[in-house]
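Novice: For reference, the structure I am asking about is given below.
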Amino acid sequence: MRVLHAVDAEGAYANLALDKALETSRLPAADRALATELVYGVTRWRGLLDHVIDHLSTTPAAELGPWIRNILRMGVYQLLHLDRIPAHAVVSEGVALAREFGHRGTAALANAVLRRAVAEARRVPLPGPEAGDARRLAVEGSHPEWLVARWLEQFGSEDTERLCRVDNEPAPLTLRVNLSRTTPPETAAALAREGVRTVPGRLFPEALVAREGPPLRELEAYRCGMVSVQDEGAMVASRVLAPEPGWLVVDACAGAGGKTTHLAELMRNRGRVVAVDPYGHKLRLLEGAARRLGLGIVETRRADARTLPTSELAGRADAVLVDAPCSGLGVLRRRPDLRWRLKEEDLPRLVKLQKELLRAASACVRPGGVLVYSTCTIERSENQEVVEGFLAESHEFISDNAARRLAGAGTGGLTALSEGPYLTSGPQSGGPDGFFVARLVRTGGSGRLRAADV
């Protein structure tokens, strides 16, 4: 409940707030799992839960204080989605929380609404056809109405319903094997010895999907640098860039370093990877990850990538990755709070930033070098339109075929995700997150390439 309040009222990120709360708790494994289910479940289904509360309460959810609102959401979620918690326990715990974090009046409100919910929550009517598709799907699929309306216009009704459905499923836990240190079979065996059952990923040989087991950070296989957590959709960009040992690679928007460390692993820890990010706390996380994974070729640089044209890296890199800040619409199942945080007016600002970052980072690419642009969104204005606008003004770069670059690399299932020269996919049920990847090549100089060569 405290985590939900922090997300709703203080703008906290659900994953970070939950991790912090669990680190300081002494909860046994079963209760940790329940706390995680409640935080992510309530956040995913917030729209539908508020619709139910609006019908059961004399005060609409939006007008309630954040403590009582989240207590009611948590209670209604348990009644609708969980089957091992008795209804009387849901009511009594909700009333106790309302009394502790409110007063006698909020406790009475919680008691009245939750008792009604026991009898009526499953019978609350959903919006009918007269409300329009956007409103109906926004409530049924628990997404903001503006986003559903946008998806209906871009993708149509069937794909929009699928997106909403997949966004409300738990995301798979995918592990990336550190190829500079071990092999997938060795890693799978080591994990099995520690009680983690895995199956191979869908797309890449270094991907393992964890089916069950203890928390990852408690495992020796994790501590000694055999694996990292990374969705296969996030692995696509590094695989498409296809770095070779000995290269100079620049990760222009490195963040906490998931793709940075993947690049260094694919290079077998030979060469140089320069990770650029303006936020020191993210670079510290990256440095810690590189040490754990034994990747000595990673260098961090605290800077805004838009300053790269004036750096000593200009024109020198064999490859540059621009994993641009984006709306994150391809990872909403993994970051359910993002759907409520994002506003439609945020998109033009993000597009402007993406264009600036791509333009600036491209200055680091040597003639004949590679430039990869990637996002974790399915929004065309942040993907295809950014790349095509860049190509229209930057005549030194030509588009490569991203899917073809993966042929023969031990990968599978990606050719069906190609759209022209790009790789793009929405989130898949039980599969990777949504992503977009474009591969460009710089022409000119001794490394000059013709369009027919790529």
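Bear in mind these aren't lab numbers, they're just calculated from the coordinates by the rules spelled out. What you see is a predicted model; the values in this text were computed from it and never measured. Cβ coordinates were reconstructed from backbone atoms using ideal geometry, including for glycine residues, and neighbour counts include every protein chain displayed.
Novice: For Ser381 and Ala192, calculate 0.36 nm times their separation in residues minus their Cα-Cα distance, and state this gained length in nm to one decimal.
Specialist: Numbers: separation 189, 0.36 × 189 = 68.04 nm, distance 4.33 nm.
Here the segment from Ser381 to Ala192 would lengthen by 63.7 nm.
Novice: With a point put 7 Å past each Cα toward its Cβ, work out how far Glu218 is from Tyr279 in nm, to one decimal.
Specialist: Between Glu218 and Tyr279, the label points sit 2.9 nm apart.
Novice: Report the trypsin sites (Lys or Arg not before Pro) located in segment 13-107 that are in a DSSP loop and have at most 15 other Cβ atoms inside 10 Å of their Cβ, or state none.
Specialist: Working: sites: Lys20, Arg26, Arg32, Arg44, Arg46, Arg69, Arg73, Arg84, Arg99, Arg104; in loops: Arg26, Arg84.
Those that pass, being in a loop and sparsely packed, are Arg26, Arg84.
Novice: Which net charge results for the neighbourhood of Pro336, defined as the other residues with beta-carbon distances under 11 angstrom from its beta-carbon, given Lys and Arg at +1 and Asp and Glu at -1?
Specialist: +4
Novice: Can you give the net charge of the other residues whose Cβ lies under 13 Å from the Cβ of Leu109, counting K and R as +1 and D and E as -1?
Specialist: Surrounding charge for Leu109 is +4.
Novice: Net charge near Val276: determine it from the other residues with C-beta under 9 Å of the C-beta of Val276, scoring Lys and Arg +1 and Asp and Glu -1. All intermediate terms of the calculation are to be shown ahead of the outcome.
Specialist: Values: positive: Arg301, Arg302; negative: Asp251, Asp277, Asp304.
With Lys, Arg at +1 and Asp, Glu at -1, the neighbours total -1.
Novice: Between 0 and 90 degrees, rounded to the nearest ten: what's the tilt of helix 104-120 against the longest Cα principal axis of the chain?
Specialist: The helix 104-120 is inclined about 80 degrees to the chain.
Novice: Viscosity 1.306 mPa s, temperature 10 °C: Stokes-Einstein D of segment 232-453 from its Kirkwood Cα radius, in µm² per second?
Specialist: On the way: Rh = 17.4 Å.
The Stokes-Einstein estimate is 91 µm²/s.
Novice: Amide H of Gly271 versus every other amide H placed in the peptide plane: which residues, excluding those fewer than 5 positions away on the same chain, fall under 5 Å?
Specialist: Amide H neighbours of Gly271: Gly246.
Novice: Across all directions of projection, what mean area in square nanometres is found for the Cα convex hull of segment 173-229?
Specialist: Working: hull surface 13.0 nm².
Quarter of the Cα hull surface area: 3.2 nm².
Novice: Ok, one more. With the Cα gyration tensor of segment 137-259 in hand, convert its eigenvalues to equivalent ellipsoid semi-axes via √(5λ) and list them largest first in whole Å. Working shown, then result.
Specialist: Values: eigenvalues 216, 86, 29 Å².
Equivalent ellipsoid semi-axes, largest first: 33, 21, 12 Å.
Novice: Mind pulling up the Rg/Rh value for segment 99-146? Radius of gyration and Kirkwood radius, both on Cα. Don't skip to the answer; put the middle values down first.
Specialist: Details: Rg = 15.4 Å, Rh = 13.0 Å.
Radius of gyration over Kirkwood radius for segment 99-146 works out to 1.18.
Novice: Roughly speaking, what is the centre-to-centre gap between segment 6-25 and segment 70-104 when only Cα atoms are used, to the nearest Å?
Specialist: Computed from Cα coordinates, the inter-centre distance equals 19 Å.
Novice: What Kirkwood radius, in Å to one decimal, follows from the Cα pairs of segment 1-132?
Specialist: Numbers: mean 1/r = 0.0660 Å⁻¹.
Computed over Cα pairs of segment 1-132, the Kirkwood hydrodynamic radius comes out at 15.1 Å.
Novice: Hey, rough spin-label estimate for Thr24 and Ala119, points 7 angstrom out along Cα→Cβ, what's it come to in nanometres?
Specialist: 4.1 nm
Novice: Here's another thing I want to ask about it. At 25 °C and a viscosity of 0.890 mPa s, what translational diffusion coefficient does Stokes-Einstein give for segment 72-177, taking Rh as the Kirkwood radius over Cα pairs? Give it in µm²/s as a whole number. Intermediate values should be presented prior to the final figure.
Specialist: Values: Rh = 16.2 Å.
Using the Kirkwood radius from Cα pairs, D works out to 151 µm²/s.
Novice: Can I ask one more? Looking at the chain, send over the antiparallel percent of its DSSP beta bridges, to the nearest 5.
Specialist: Around 60 percent of the beta bridges assigned by DSSP in the chain are antiparallel ones.
Novice: Excluding residues fewer than 8 places away in the same chain, name every one of the lysines whose C-alpha is closer than 25 Å to that of Lys355.
Specialist: Reachable lysines: Lys259, Lys282, Lys343.
Novice: How large is ³J(HN,Hα) for each residue in segment 68-81, as worked out from phi by the Karplus curve 6.51 cos²θ - 1.76 cosθ + 1.60 (θ = phi - 60°), to whole Hz, x for Gly and Pro?
Specialist: 5, 4, 6, 5, 5, 4, 5, x, 5, 4, 4, 5, 8, 10
Novice: Using the C-alpha atoms of segment 222-354, what convex hull volume per residue, in cubic angstrom, is computed?
Specialist: Numbers: hull volume 15.6 nm³, N = 133.
Considering the Cα atoms of segment 222-354, their hull volume per residue is 117 Å³.
Novice: Another question, if that's okay. Between Lys352 and Thr183, what is 0.36 nm times their sequence separation minus the Cα-Cα distance? Round to one decimal in nm.
Specialist: Working: separation 169, 0.36 × 169 = 60.84 nm, distance 4.10 nm.
Result: 56.7 nm gained on full extension.
Novice: A further question on this structure: Based on DSSP, what percent of beta bridges with both residues in segment 232-453 are antiparallel, to the nearest 5?
Specialist: On the way: 14 of 32 bridges.
Around 45 percent antiparallel, to the nearest 5.
Novice: Average the reciprocal distances over every distinct pair of alpha-carbons in the chain, invert the result, and give the Kirkwood radius in Å. Could the numbers behind the result be given before it?
Specialist: Working: mean 1/r = 0.0423 Å⁻¹.
The Cα-based Kirkwood calculation yields 23.6 Å.
Novice: On a 0 to 90° scale, report how tilted helix 87-101 is relative to the longest principal axis of the chain, with both axes built from alpha carbons and the result rounded to the nearest 10.
Specialist: Compared with the principal axis, the helix lies near 80 degrees.
Novice: Using the number of other C-beta atoms within 10 angstrom as an exposure proxy, rank Thr58, Thr443 with the fewest first.
Specialist: Lowest to highest Cβ neighbour count: Thr58, Thr443.
Novice: Based on the inverse mean of 1/r over its pairs of different Cα atoms, what is the Kirkwood hydrodynamic radius of segment 366-407, in Å? Each step should come with its number before you reach the end.
Specialist: Numbers: mean 1/r = 0.0855 Å⁻¹.
Taking the inverse mean of 1/r over all distinct Cα pairs, segment 366-407 comes out at 11.7 Å.
Novice: Also, quick follow-up: For segment 17-67, which semi-axes, largest first and in whole Å, follow from the square roots of 5 times the eigenvalues of its Cα gyration tensor? Intermediate results must be reported in sequence, preceding the final value.
Specialist: Details: eigenvalues 155, 27, 16 Å².
Values for segment 17-67, descending: 28, 12, 9 Å.
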